[in-house]
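First the structure, in the form of structure tokens, and then the observations on it.
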Amino acid sequence: MKTWVLATVLVWSVLSSAVAHAQRPPLTTPATGVITTEVTRTFDRSAPEALELWARRTMLGYGETSLNYGKLHLTCGSDPSLGRCPTRDTGGPPSRSTIPLQFREQRSGQHTDVNVTGWLERAEWQRYCSADFWDPREYPLWTSFNVDCLVPPSGTAAALGVQQEDLHKLVAGRWLAELHLHLRMDPDGPVIATHVFKFDLTITDRDRVMIYLPEFGMAAPVVGLQLDYRPVPYPATIGGSTVLDMCLYDGMGSQSEFLGITARDMGPAAPGRPETQYSVWHRDGGRELHDRVDYQLTLAHNGQRIALRNNEEVLLRGIDTAELRLVMLPDMNQWVYCVPTPLTLDTPRVPAADKREGYYEGRLTLEMRLPTARL
């Protein structure tokens, strides 16, 4: 007899547990008016974070069947910049939804579409066809369609978010967007509520920071000084000028407080050479004055020409207001904006007789420093 009583208790315990895990969803009256959600995030492109706008089964409305909350759905408005999706009930069958949403980069004005993904789920008033009050099907956001199970469903919940892989479309910068979704119940009925999601995403790109030389890509740049020989007037002279196309990418959407640029002559020491000059040396060796040709560097930024002194850092300010240039950086498949700062190499004219004939070469390095405080 004890054995029979014990068995009865165990069976009742199992049934109680099952009931506890199948609770009816909470009664929910649909929201009205305008409901605004601010979505503000900062992350690096190397590790984008998925954005959960509505967790799965976020209840939009739930009550007795007669209230028709099982027909709730969401549509877009007439302005495609606030989300491109149907503006009325489509009556579509089960499936997930994708809404292309236009993001605008504040600094450059660049536009990029990012997909917002979501779906609806229908809830029952009684567990006629499920163990947990939920229809297992996922419905498009913009449909009032449902599958009746003896009686129509009594509620609707939604899930909404942006996946990591979709956010990877955004390059460095501050991206703004607004998504407007109108809550409706009747296919041609009025808007019950408008859900507004305001996005403010600041994205960095620390792995891509570079001094970009478009002419050379990933190859080591070899720059000629473009010297020319002038026999007239006497005595004959040599000199020249060349411009190196250069663009600075700060990985911050060109919003850094400043960029520090340092040029270093990596060749032999040249006693008596001014700090404003750099040198190339004769290939056959020698360390005398006639064995080298000196040149100067000037950087153009924001309408100014800035002289670069050897081993001295120059701070470029006004990055956030400087002219921008659209480029495709090496090893990237998306266009980004950088700050153009062309570099001019000037060789002052000197008597040709003072220099040896032949080839000269030297080595110059350019370094860029960003502010320590990063977003």
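The values are calculated or read from the model by the stated rules, or taken from the named source; none is laboratory data. Since the model is a prediction, treat every value here as computed from it, not as a measurement. Don't worry about glycine lacking a Cβ; one is built from the backbone with ideal geometry, like all the others, and counts go over all protein chains shown.
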Regarding the stretch 279-300, can at least one residue be identified that is at pLDDT 95 or above and under 29 Å from Glu105 (Cα atoms)? yes
Give the residues of the stretch 348-372 that are in contact (Cβ under 8 Å) with a residue 24 or more places away in the chain and either within 30 Å of Ile319 (Cβ to Cβ) or not assigned by TED's automatic domain parsing to the domain that holds Val314 (or both), sorted by residue number. Gly362, Arg363, Leu364, Thr365, Leu366, Glu367, Met368, Arg369, Leu370, Pro371
Which of the strands (runs of 3 or more DSSP E) contained wholly in the stretch 193-238 include at least 2 residues that are at pLDDT 90 or above and in contact with a Leu (Cβ under 8 Å, 6 or more places away or on another chain)? 193-204, 210-212
I'd like the residue in the stretch 280-301 that is touching a Gly at 6+ places or on another chain (Cβ under 7 Å) and surrounded by 15 or more Cβ atoms within 10 Å (Cβ to Cβ) and, out of all such residues, is farthest from Ala263 (Cα to Cα). His282
When both residues are 6+ apart or on different chains and their Cβ atoms are under 8 Å apart, which pairs have a first residue that lies in the stretch 126-150 and is surrounded by fewer than 16 Cβ atoms within 10 Å (Cβ to Cβ), and a second that is of a type in the set (Gly, Ala, Ser)? Arg127/Ala22; Ala131/Ala18; Ala131/Ala22; Asp132/Ala22; Pro136/Ser130; Cys149/Ser130
Across the stretch 252-268, what is the total count of residues that are more than 22 Å from Ile306 (Cβ to Cβ) and either acidic (Asp, Glu) or crowded, with 19+ Cβ neighbours inside 10 Å (or both)? 1
Just to be sure I understand the filter: pairs with C-beta atoms under 7 Å, separated by 6 or more residues or on different chains, first member in the stretch 281-308 and farther than 15 Å from Thr242 by Cβ, second member part of a strand (DSSP E or B) and of a type in the set (Asp, Glu). Which pairs pass? Trp281/Glu361; Arg283/Glu361
Looking at Leu329, Leu308, can you tell me which residue is of a type in the set (A, V, I, L, M), over 28 Å from Pro231 (Cβ atoms) and either modelled with pLDDT under 95 or exposed (fewer than 15 other Cβ atoms within 10 Å of the Cβ) (or both)? Leu329
Across the stretch 44-79, what is the number of residues that are closer than 29 Å to Arg174 by Cβ and loosely packed, with under 14 Cβ neighbours inside 10 Å? 8
Right, Trp119: crowded, with 16+ Cβ neighbours inside 10 Å, among the aromatic types (Phe, Trp, Tyr) and not in a strand (DSSP E or B) or not? no
